[in-house]
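Q: Please see the structure below; I have some questions.
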Amino acid sequence: MGAVTSSMAAKFAFFPPNPPSYKLVVGEHTGKLLISDVPHRENVDVLKLCTKRGNEIVAMYVKNPSASLTVLYSHGNAADLGQMYELFTELSLHLCVNLMGYDYSGYGQSSGKPSEQNTYADIETVYRCLEEIYGAKEEDVILYGQSVGSGPTLDLATRLPRLRAVVLHSAIMSGLRVMYPVKRTYWFDIYKNVDKIPLVTCPVLIIHGTADEVVDCSHGKQLWELCKEKYEPLWLKGGNHCNLELYPEYLKHLKKFISAIEKLPNPSSGCQQSTDQPEPPRNSTDQREKSRPSIDQREKSRPSTDRREKSRASTDRREKSRKSTDRPEKARSSTDQPERARNSIDRFGDMMRSVGLCNIDCFKPTASGI
């Protein structure tokens, strides 16, 4: 039964570009992996990474020599690294961060088939690469999840107590809730973000368009209400599911968020630790390494974990909203001011118009039906 529901959910949720927008090529002089049909940049590494579920996924790492933080970006539906390449390099430049993006299993040139469990393994593999190859520390990482990418982003965030911050862009409460206005979580639902977000202890920024016809803005607002550490959200008036990057306020707000996050005390001091959910002490790199087996064994224990999350979520919803990192009143003012999609600063708008980011039909049933 579980396999049937997972298969059904996959038909609704996953739309890898077909054919992929890029190929992998080997540089003639360097012997390094490159993404085809995009400008070659010396500060971009292209990697193939093996996940614990046996898939080989493609990732790209954009280095910024002035960066103190690293963003791990999980992209939306019907997109792959060929389409996201320019956005990733521009975000790294303008936000002054290192940025790691990746293709889920079955997307782009990554092997395997898309599934909820595969995306969890995919993001774990990429996060581990950041730690082991690029020396990133948990307290200096920001997880960024767009649309479907909010699922693996929040799943990983619940298990990283010293994480610096989370950004949720056009995020979903759960896969089923995108299609039906259900009020409870069913066992066969996928990406139960509404139950997981109360367990995230770091600051969370929510970005959502008020005219989103794919994932209604109510998803973003409900997730924001359930955040423990709220940051001033960005409700882009008139924004839909796939064009938020074209609004000047998008980049301005992200810059403001990154600046605020950089000024916060380092989470390794313990000040970001949740008072409601005690975590095992992790005082050193060695202890973080020892904790990895619990991550690797997550798939075996996920059913019981989900039940615990469901229980905690029901308790957390009864709590009053905690203090925001920035005052919520400011957030409402940004909702009231209309924004129009127009050319943005620093070439950003012009660049984005040449990039296809997301399929407007994501989450809708396939033509063949189910």
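The values are calculated or read from the model by the stated rules, or taken from the named source; none is laboratory data. Computed from a prediction, not measured in an experiment: that's the story for all the values here. FYI the Cβ positions are ideal-geometry reconstructions off the backbone, even for glycines, and counts take in every protein chain you see.
Q: Could we say that SER92 is small (Gly, Ala, Ser) and in contact (Cβ under 8 Å) with a residue 60 or more places away in the chain here? Even if it seems obvious, please write down each step before you answer.
A: Values: small (Gly, Ala, Ser): yes; in contact (Cβ under 8 Å) with a residue 60 or more places away in the chain: no.
In short, no.
Q: Within region 110-128, is there a residue that is part of a loop (DSSP other than H, G, I, E, B) and buried (at least 24 other Cβ atoms within 10 Å of the Cβ)? Outline the logic, then answer.
A: Keep residues of region 110-128 that are part of a loop (DSSP other than H, G, I, E, B), which gives 110-115.
If we keep only those that are buried (at least 24 other Cβ atoms within 10 Å of the Cβ) too, we end up with 110.
Yes: region 110-128 contains one or more residues that are part of a loop (DSSP other than H, G, I, E, B) and buried (at least 24 other Cβ atoms within 10 Å of the Cβ).
A quick yes/no check of all residues on (1) touching a Pro at 6+ places or on another chain (Cβ under 8 Å); (2) charged (D, E, K, R):
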residue: SER170; (1), (2): no, no
residue: MET173; (1), (2): no, no
residue: VAL178; (1), (2): no, no
residue: ILE190; (1), (2): no, no
residue: LYS230; (1), (2): yes, yes
residue: LYS252; (1), (2): no, yes
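Q: Here is a further query. Considering region 216-232 alone, what residues qualify as being buried (at least 24 other Cβ atoms within 10 Å of the Cβ) and of a type in the set (A, V, I, L, M)?
A: LEU223, the sole residue that qualifies.
Q: Answer yes if at least one residue in region 87-107 is charged (D, E, K, R), surrounded by fewer than 24 Cβ atoms within 10 Å (Cβ to Cβ) and either touching a Leu at 6+ places or on another chain (Cβ under 7 Å) or modelled with pLDDT of 95 or more (or both), and no otherwise.
A: The first filter runs over region 87-107 and keeps only residues charged (D, E, K, R), leaving 90, 103.
If we keep only those that are surrounded by fewer than 24 Cβ atoms within 10 Å (Cβ to Cβ) too, we end up with 90.
Still in the list and also either touching a Leu at 6+ places or on another chain (Cβ under 7 Å) or modelled with pLDDT of 95 or more (or both): 90.
Scanning region 87-107 turns up at least one residue that is charged (D, E, K, R), surrounded by fewer than 24 Cβ atoms within 10 Å (Cβ to Cβ) and either touching a Leu at 6+ places or on another chain (Cβ under 7 Å) or modelled with pLDDT of 95 or more (or both).
Q: From the list GLY54, GLY145, which one is of a type outside the set (Val, Ile, Thr) and in contact with a helix residue (DSSP H, G or I) (Cβ under 7 Å, 6 or more places away or on another chain)? So that I can check it myself, show each step before the final result.
A: Numbers: GLY54 fails: in contact with a helix residue (DSSP H, G or I) (Cβ under 7 Å, 6 or more places away or on another chain).
Just one listed residue meets the conditions, GLY145.
Q: Would it be correct to say that LYS255 is of a type outside the set (Gly, Ala, Ser), assigned to a loop (DSSP other than H, G, I, E, B) and touching a residue at least 60 places away in the same chain (Cβ under 8 Å)? Spell out how you get there, then give the answer.
A: Details: of a type outside the set (Gly, Ala, Ser): yes; assigned to a loop (DSSP other than H, G, I, E, B): no; touching a residue at least 60 places away in the same chain (Cβ under 8 Å): yes.
Considered against the rule, which asks whether it is of a type outside the set (Gly, Ala, Ser), assigned to a loop (DSSP other than H, G, I, E, B) and touching a residue at least 60 places away in the same chain (Cβ under 8 Å), LYS255 comes out as no.
Q: So, one more: Take the residues of region 173-194 that are in contact with a Phe, Trp or Tyr (Cβ under 6 Å, 6 or more places away or on another chain) and either not small (Gly, Ala, Ser) or not in a loop (DSSP other than H, G, I, E, B) (or both): which is modelled with the highest pLDDT? Before the answer, list the steps.
A: Step one: filter region 173-194 for residues in contact with a Phe, Trp or Tyr (Cβ under 6 Å, 6 or more places away or on another chain), giving 174-175, 178.
Checking which are either not small (Gly, Ala, Ser) or not in a loop (DSSP other than H, G, I, E, B) (or both) leaves us with 175, 178.
Details: GLY175: 88, VAL178: 85.
Checked region 173-194; the qualifying residue modelled with the highest pLDDT is GLY175.
Results for (1) over 23 Å from LEU163 (Cα atoms); (2) within 16 Å of the chain's Cα centre (by Cα), shown as yes or no for each residue.
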site: ARG41; (1), (2): yes, no
site: ASP45; (1), (2): yes, no
site: GLU90; (1), (2): yes, no
site: VAL97; (1), (2): no, yes
site: ASP103; (1), (2): no, yes
site: TYR107; (1), (2): yes, yes
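Q: In addition: Go through region 41-70 and give me each residue that's loosely packed, with under 14 Cβ neighbours inside 10 Å and of a type in the set (Asp, Glu).
A: GLU42
Q: Among the residues of region 195-244, which ones are of a type outside the set (A, V, I, L, M, F, W, C), part of a loop (DSSP other than H, G, I, E, B) and touching a Gly at 6+ places or on another chain (Cβ under 6 Å)?
A: So the first thing to find is which residues in region 195-244 are of a type outside the set (A, V, I, L, M, F, W, C), and the list is 195-196, 198, 201, 203, 208-210, 212-213, 216, 218-222, 225, 228-233, 237-241, 243.
Cutting the leftovers down to part of a loop (DSSP other than H, G, I, E, B) gives us 201, 203, 210, 212-213, 216, 228-229, 231-233, 237-241, 243.
Listed by number, the residues that qualify are GLY239, ASN240.
Q: Could you pull out the residue among LYS196, LYS137, LYS183 that is surrounded by 21 or more Cβ atoms within 10 Å (Cβ to Cβ) and out of contact with any strand residue (DSSP E or B) (no Cβ under 8 Å at 6 or more places or on another chain)?
A: Details: LYS137 fails: surrounded by 21 or more Cβ atoms within 10 Å (Cβ to Cβ); LYS183 fails: surrounded by 21 or more Cβ atoms within 10 Å (Cβ to Cβ).
That would be LYS196, the only listed residue that is surrounded by 21 or more Cβ atoms within 10 Å (Cβ to Cβ) and out of contact with any strand residue (DSSP E or B) (no Cβ under 8 Å at 6 or more places or on another chain).
Q: Continuing with the same structure: Residue pairs, Cβ under 8 Å, 6 or more apart or interchain, first in region 20-36 and more than 11 Å from GLN109 (Cα to Cα), second surrounded by 15 or more Cβ atoms within 10 Å (Cβ to Cβ) and among the acidic types (Asp, Glu). List them.
A: LYS32/ASP45
Q: While we're on this one: One residue is enough: does region 97-109 have a residue meeting the conditions among the acidic types (Asp, Glu), out of contact with any Gly (no Cβ under 8 Å at 6 or more places or on another chain) and in a loop (DSSP other than H, G, I, E, B)? Give the derivation first.
A: If we filter region 97-109 for residues that are among the acidic types (Asp, Glu), which is where we start, we get 103.
Subset that is out of contact with any Gly (no Cβ under 8 Å at 6 or more places or on another chain): 103.
Applying the additional criterion that residues be in a loop (DSSP other than H, G, I, E, B) yields 103.
Looking through region 97-109, at least one residue is among the acidic types (Asp, Glu), out of contact with any Gly (no Cβ under 8 Å at 6 or more places or on another chain) and in a loop (DSSP other than H, G, I, E, B).
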